[in-house]
């Protein structure tokens, strides 16, 4: 799998409570497993740039974007 690119950053792993319904740890575990089994190498991983607001607005409301930019969801997920 030399040509596959996987978007990954440690910043994706938010400090959610262990009983939170969203399994955030999977974003850490999947790349680790693929690296451990030599399916991919570090060269396959990349940190994407922030999406442009107009792209995010295609799937999210303005209110959601406003709250997210202020850190509302991270603060209230704990």
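Every read-out reported here was derived from the displayed coordinates using simple, explicitly stated rules and does not represent laboratory data. The structure displayed is predicted, hence computed values, not measured ones.
Of 11, 63, 37, which is the most mobile in a GNM of the chain whose springs link Cα atoms less than 10 angstrom apart?
Taking springs between Cα atoms under 10 Å, the residue moving most is 63.
Report the extension gain between residue 45 and residue 18 in nm, rounded to one decimal, defined as 0.36 nm multiplied by the number of residues separating them, less their alpha carbon distance. Let's see the in-between values first.
Numbers: separation 27, 0.36 × 27 = 9.72 nm, distance 2.63 nm.
7.1 nm is the gain from fully extending residue 45 to residue 18.
If you take Cα Rg over 2.2 N^0.38 Å from the coordinates, which of [x] 1.40; [y] 1.32; [z] 1.05 do you get?
Of the labelled values, this structure produces [y].
Of the candidates 57, 32, 42, which one comes out as most mobile in a Gaussian network treatment of the chain with C-alpha springs shorter than 10 Å?
The residue with the greatest mean-square fluctuation here is 57.
Note the angle between two axes, namely the Cα long axis of helix 26-36 and the longest principal axis of the Cα atoms of the chain, as a number of degrees from 0 to 90, rounded to the nearest 10.
Value to nearest ten degrees: 10.
Restricting to DSSP H runs of at least four residues, report the calculated mean residue ellipticity at 222 nm for the chain, -39500 (n - 2.57) per run over all residues, nearest 500 deg cm²/dmol.
-9500 deg cm²/dmol
Would you kindly state how much longer the chain becomes between residue 6 and residue 57 on full extension, computed as 0.36 nm times their sequence separation minus their alpha carbon distance, in nm to one decimal?
16.0 nm
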